[in-house]
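The values are calculated or read from the model by the stated rules, or taken from the named source; none is laboratory data. Source: prediction; values computed, not measured. Note that we place each Cβ from the backbone using ideal geometry, even for glycine, and neighbour counts take in every protein chain shown.
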Amino acid sequence: MHIGHGKVLVIGGIGPSRDRNCEIIDVNTGHVELAKPMLRNRHTHTALFDKDSNIIVIGGYDNGASVDEVERYDRTTGTWSVIGSLLVGRAQHAAYWLDDDRILVVGGRDESIVPMALAEIFTVSTGKSVRIRSHPFPMSTPVTVRGRTGQWAVVGGRGGQKNSYRERYGYSYVDSAWTRTMALNDSVCYPATTQLWDGRALICGGAYQEEPFVTSDRAYVFDGTQVHEIGRMTDGRQWAGVAQISPSRAVVAGGNATNVVVLSSSDWIDLDAGSIRPGPSMKGPRVFHGTVSVPTAYGLDGVPTNAVALVIGGRDERDSLLSTIEILARTCSDSIDAIRDDAVRMAGSTKTMDDDGVLLTDAIPFSAGAIWRTTKVSTGLGFTVSFRFRMMEGHDGDLPDGSLPGADGIVFVVQNDGPAQVGKVGEGIGYDGTPKALAVEFDTYLNPAYSDPDGNHIAVQTGGLGPCRAEHVAPYNLGITTKVVAIVPDGRIYHGRIDYHGRTLKIYLDTTGRFDWPALVVNDVDLAPLLGLDPSTTAWIGFTSATGKSVERHELLSWTLDGCSGLATSVADGVVSPVPKELTGSTVIVPMPSQNRGRLYTEVVFGDNTVIVLEDAAGRALGTVHVRGGELRQGFELPFHPAAGSYLVRITDGMHSASVPWIVLK
């Protein structure tokens with residue numbers, strides 16, 4: 001189960017002396033560690049998140065005995081506790097929330113492996129359970145699905161042993177009675193299911209019978225009132241895994257095909273087009289595995305916009321237990337020319353130059369500048385930033401430091417505070433004081449008060465959740481080196497690269513762009529807890545610079561961002577969208593502030609999810625307007641009455657973005 005910040009908790013299961021053991025998989029780093037074990041061994045149990053994102057585990061088998069104790073995993077302490085008991089121990093059952101305090105538990109098998117129709121309601125606050133009307137027939141291995149209306153249904157169980165009774169109908173417990181509320185097109189046992197981000201449920205495969213073993217290749221979505229068949233998978237599958245990886249796509253992988261063939265294949269399920277096609281194969285066949293979707297980016301309403309899929313454990317074609325984990329994710333191939341992209345904000349002394357670069361600071365005393373991407377970048381799967389810069393007109397005034405003339409340098413910054421930050425001038429190099437930040441500074445001036453080793457060094461600085469500091473001492477300094485090419489303020493061009501993958505930060509600097517070896521490597525850098533990132537692990541990135549009494553001209557000539565899709569994501573105060581791309585054609589906003597209205601003219605036909613975000617000069621989102629898709633021109637109402645001043649109107653449809661300035665005079 002995904003417990004946030006790219007971490008997955010694996011709970012119990014079948015294994016040698018490991019049925020009560022739990023492990024935590026860190027998707028960001030690939031690291032796996034033991035978590036606190038449960039108090040009872042369990043497999044074929046159910047697990048649910050409560051309203052506080054703790055985990056409630058119900059039933060299961062413990063070395064052949066059915067378990068009646070209910071345990072809770074506390075996410076804050078990482079510990080387990082027994083919170084009550086069922087009326088009867090059971091495994092291979094179904095469970096779902098009736099409200100924030102009551103869980104309905106139904107079906108499953110008892111200690112004699114006999115399927116049950118018995119149903120009960122367990123109340124978390126009291127730890128007690130009460131019996132309710134039994135399900136219409138005994139069943140084991142049912143699944144639960146929920147539609148957009150919030151209505152749950154139990155479907156896909158079987159009434160006994162091999163080839164026993166099964167139904168295509170799903171039942172809901174309403175008004176103290178079981179009622180048919182949905183129907184599949186065929187009667188199957190234990191299909192693969194997942195809850196989709198838009199509130200629907202996806203249902204894939206299942207088994208028609210066990211002797212001979214025959215599986216279903218159908219896939220459905222359940223919206224709460226109706227079941228819609230999407231199409232046919234390339235193979236029938238039971239005991240497969242399914243996970244959503246984008247708003248329009250899910251993947252179903254592995255499982256048993258007809259004649260008990262263990263599959264390594266997968267299928268892409270296009271949720272918008274209602275189509276299915278072959279997906280990538282896993283490294284090997286597996287069945288009875290766990291499959292988890294781990295979001296890497298979130299949208300305006302907090303709903304994921306991108307995710308990776310994990311396939312965990314299971315059995316192979318020889319029925320051997322597997323301890324391996326596979327991850328399905330888009331490869332790191334997205335590239336953004338960040339300076340040319342319109343989703344940047346300049347602050348302080350920064351301004352554009354005629355040759356497409358930006359001037360961070362001119363050779364003027366006590367100035368500071370910054371440039372930030374206004375869309376946050378996913379750091380969870382790593383990123384690479386490549387850039388070119390040069391410095392000119394350096395002089396130390398009456399404060400020579402014994403090194404080359406000029407001050408104070410250029411800094412790459414990852415931070416979680418907002419895209420309008422400018423830090424301290426002089427020795428602060430434009431980043432000192434920025435909250436929740438990590439800075440990689442290319443420092444060109446010796447400041448003894450900050451424990452600088454010389455006037456030409458690279459250092460990695462932080463302040464954790466507090467202000468980032470430029471003092472090269474603990475706890476602020478994470479790594480430093482003076483073994484770097486001399487940065488001379490004579491106009492020559494320098495090439496830098498910063499790689500962050502798997503908690504390792506590598507910094508390169510040369511004059512060729514070959515990057516033969518890193519100038520500095522810092523290990524054990526985990527940005528998520530260090531900067532207090534939310535579960536999407538997204539952060540703002542950019543560059544800063546400053547001068548003090550000593551000065552030089554700092555020019556950032558290019559800046560390219562390469563990362564794994566989740567590169568993008570939030571605009572201004574938490575407004576989130578995927579990576580903006582350059583729009584073809586032209587887009588024009590004609591504001592009419594006296595009427596609280598505007599008109600949008602564009603040569604691009606936007607989709608239904610187009611949003612206009614109005615920001616003030618400080619980058620704060622003042623309001624959003626959803627516009628109609630499929631049109632080239634349209635009017636829109638503003639969500640507030642604008643005062644006189646300068647604004648930025650940003651238009652995004654989730655894939656493209658454009659912005660235009662708006663000056664209101666009254």
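Strands (runs of 3 or more DSSP E) wholly in segment 413-505 with at least 3 residues that are within 28 Å of the chain's Cα centre (by Cα) - which ones? I'd like the intermediate steps shown before the answer.
Working: elements: 437-443, 457-462, 477-481, 493-501.
Those strands (runs of 3 or more DSSP E) span 437-443, 457-462, 493-501.
Residues are listed down the side, and each one gets a yes or a no for (1) crowded, with 21+ Cβ neighbours inside 10 Å; (2) among the charged types (D, E, K, R); (3) assigned by TED's automatic domain parsing to the domain that holds ASP26:
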| residue | (1), (2), (3) |
| --- | --- |
| GLY513 | no, no, no |
| TRP517 | no, no, no |
| ASP524 | no, yes, no |
| TRP540 | yes, no, no |
| LYS549 | no, yes, no |
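Give the number of residues within segment 365-395 that are within 30 Å of the chain's Cα centre (by Cα) and in a strand (DSSP E or B).
Total meeting the criteria: 13.
Anything in segment 289-313 that is touching a residue at least 60 places away in the same chain (Cβ under 8 Å) and not in a strand (DSSP E or B)? List them, or say none.
GLY299, LEU300, VAL303, GLY313
It is to be established whether one or more residues within segment 45-53 are on the phi > 0 side of the Ramachandran plot and in contact (Cβ under 8 Å) with a residue 24 or more places away in the chain.
Yes; the residues of segment 45-53 include at least one that is on the phi > 0 side of the Ramachandran plot and in contact (Cβ under 8 Å) with a residue 24 or more places away in the chain.
Hey, can you tell me all the residues within segment 70-122 that are among the basic types (Lys, Arg), part of a loop (DSSP other than H, G, I, E, B) and crowded, with 22+ Cβ neighbours inside 10 Å? It would help to see each step written out before you state the result.
Initial filter on segment 70-122 (among the basic types (Lys, Arg)): 72, 75, 90, 102, 109.
Okay, now just the ones that are also part of a loop (DSSP other than H, G, I, E, B), so 75, 90.
Correct list: ARG90 only.
Looking only at segment 38-49, how many residues end up being buried (at least 16 other Cβ atoms within 10 Å of the Cβ) and more than 20 Å from VAL294 (Cβ to Cβ)?
So the answer is 8.
Taking segment 224-233, which residues are surrounded by fewer than 16 Cβ atoms within 10 Å (Cβ to Cβ) and closer than 25 Å to GLU210 by Cα?
GLU229, ARG232
Give all pairs with beta carbons closer than 7 Å in which a residue from segment 92-120 that is farther than 15 Å from THR141 by Cβ meets a residue that is of a type in the set (Lys, Arg) and at pLDDT 95 or above; count only pairs at least 6 apart in sequence or on separate chains.
ALA119/ARG133; GLU120/ARG131
On the given criteria, is THR194 touching a residue at least 24 places away in the same chain (Cβ under 8 Å), among the β-branched types (Val, Ile, Thr) and closer than 26 Å to PHE288 by Cβ?
Values: touching a residue at least 24 places away in the same chain (Cβ under 8 Å): yes; among the β-branched types (Val, Ile, Thr): yes; closer than 26 Å to PHE288 by Cβ: yes.
Answer is yes for this residue.
If you take the residues of segment 259-315 that are surrounded by fewer than 20 Cβ atoms within 10 Å (Cβ to Cβ) and among the acidic types (Asp, Glu), which of them is modelled with the highest pLDDT?
Among those residues, the one meeting the criterion is ASP270.
Do you know which of the residues in segment 422-451 that are crowded, with 24+ Cβ neighbours inside 10 Å and among the polar types (S, T, N, Q) is modelled with the highest pLDDT?
Among residues in segment 422-451 that are crowded, with 24+ Cβ neighbours inside 10 Å and among the polar types (S, T, N, Q), the one modelled with the highest pLDDT is THR444.
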